[in-house]
Amino acid sequence: MSRWLSPVALLLALPLLAALLAACAPRPPADDKEALADYRQTNDPLEPTNRFFYKVNDQLDAVTLKPAAEAYRYVLPDGARESVHNMLVNLNDPTVFFNDVVEAEPRRAGDTLMRFLINSTLGIGGFFDVAKHWGYPNHDADFGMTLGLYGVPPGPYLFIPILGPSNPRDLAGFGVDIADWPFTWMVNGTTVYALEWAYYGLNAVDVRSRVLDSLDQVQKTALDPYATIRSLYRQRRESQIEAIRNDHRATVPAWFPAPATQAE
Amino acid sequence: MILKRRQIFPIIGFAPALLWRQRAQAADPAGFVRQVGDQLIGVINGPGAMADKRAQIRQIIDRFVDVDGIGRFCLGRFWRLATPQQRQDYLALFHQVLVTSISGHLGEYKGVRYTLGRVSPHDDTVWVDTTIFRPNNPQADVQWVIASVDGGQKIEDLVVEGTSLRLTQRSDYAGFLQHNGDNVQALIDAMRRTLTKASEG
């Protein structure tokens, strides 16, 4: 099988396709200051293209991922789905660890390392989140957030076919995270390709099943679902970066013997 | 009656304690959230048809949520462009929108529960952290933004997993208005249509 058929290559080709079809949103006249401020704040100069891909994605989703996620939720009970989710999170932990280190967040990196060691072994391949109960809670980290933490602005909003809402910063981060995920570099072979596809497929179904009700709600009640999702995506990313910034936990864990206070 | 010194001192000593108690009651955001949360969950997990529950949820929201303030915020710069009649229509519909939104987020989940977390001041508001557990859904961190409005406490926003309900709603309306020639009447008509659809389905 050719390397070009790998999920990685396909996912990286999508933004190129989007760029080829790009069209620009009309900028409001300079004398309408409030409209201009809105335009800048929305920061969505490619809106017509984005809206086009949003529509395509939405229609694709309705006949593919959404029914798959519904079936998945129908067939598997809560606990089983949680276990599959834990397993997927565990497989992604090397990437989280890489980003914790690059973010210079030793406490978070320690949490991730312990989580991966404990859950891969005692948690039986990650199916059970044992580490959570031992004081190593799960947290998010990807290269888009890492860049954000270092002050890189998100840039204009992008809606990428299949991948969904994004921006240049997060899209670049997505590419870096494919490269820093060790399983990407495993030896070529049909089994590895099959496993890679299975991982990406299962991940998509898992993610979709976790937002089934929320997205339904948006599509049922929003007057402009595209603008609502754009706002939700931005706020969510910003809050994730803020959560890293506000993580002031001490690096030395509580069980580590405290240094002697005063030598006699 | 003339009080002796011995009798006055305890009264003076007690007065600050009384005052302090009153202040503590007036500004106990966690207790406030627990009060609202318990009432909401009592309705949601209780018996009765969805229509009755919606009516009860509406009462709770009208009492504890700064609906008019949130409504004005969500319309943004278009509030000034709206006629008095449009403002009135809009706010009346907005009450229903909030009820539908909250009922949609919580109402259909019998067995919903929550836990209270940290309380932290943010500018002139107080944020109360909660975690909400809904059957069939992953747990969600929700922050309640409490502000003092007219001397009492009111909910000004809900921040669900880092996303503000009122900011999202404002973006929704701004997006719609941008594509409908900034026409507030078109927004009001669309709100009415969506509400009818939601109450039917």
**Request:** Return the residue satisfying two criteria in turn: it lies in region B:149-165 and is more than 11 Å from every other protein chain (Cβ to nearest Cβ) and not in a loop (DSSP other than H, G, I, E, B), and of such residues it is farthest from residue A:228 (Cα to Cα).
**Result:** B:152
**Request:** Collect the residues in region A:239-253 that are more than 7 Å from chain B (Cβ to nearest Cβ) and either among the hydroxyl-bearing types (Ser, Thr, Tyr) or without any contact (Cβ under 8 Å) to a residue 12 or more places away in the chain (or both), keeping them in residue-number order.
**Result:** A:242, A:246, A:248, A:251, A:252
**Asked** Is it fair to say residue B:142 is under 30 Å from residue A:73 (Cα atoms) and not in a strand (DSSP E or B)?
**Response** no
**Request:** Could you please give the count of residues in region A:102-151 that are over 21 Å from residue A:181 (Cα atoms), in a loop (DSSP other than H, G, I, E, B) and charged (D, E, K, R)?
**Result:** 0
**Message:** Against the condition at the interface with chain A (Cβ under 10 Å from one of its Cβ atoms) and farther than 29 Å from residue B:50 by Cα, how does residue B:174 come out, does it pass?
**Reply:** yes
**Request:** Identify, by number, the condition in (1) among the charged types (D, E, K, R); (2) closer than 21 Å to residue B:76 by Cβ; (3) more than 10 Å from chain A (Cβ to nearest Cβ) that residue B:182 doesn't meet.
**Result:** (3)
**Request:** Give region A:67-78 a look and list any residue that's within 12 Å of chain B (Cβ to nearest Cβ) and either free of Cβ contacts under 8 Å to residues at least 12 places away in the same chain or outside any helix (DSSP H, G or I) (or both), or say none.
**Result:** A:74, A:76, A:77, A:78
**Fill in**
Within region A:220-238, residues surrounded by fewer than 17 Cβ atoms within 10 Å (Cβ to Cβ) and within 25 Å of residue A:143 (Cα to Cα) come out as A:236, A:238
**Message:** If I ask for residues that are assigned to a helix (DSSP H, G or I) and surrounded by fewer than 16 Cβ atoms within 10 Å (Cβ to Cβ), which ones from region B:168-201 would you list?
**Reply:** B:185, B:186, B:189, B:192, B:193, B:196, B:197, B:199, B:200
**Message:** I'm checking my understanding of the structure. Among residues of region B:83-104 that are free of Cβ contacts under 8 Å to residues at least 40 places away in the same chain and within 13 Å of the chain's Cα centre (by Cα), which one is farthest from residue B:157 (Cα to Cα)?
**Reply:** B:95
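Read the figures in this text as sums done on the coordinates, not as results from a lab. What you are looking at is a predicted structure, and each value in this text was computed from that prediction instead of being measured. Methodologically, a virtual Cβ is constructed for each residue, glycine included, from the backbone with ideal geometry; neighbour enumeration extends over all protein chains shown.
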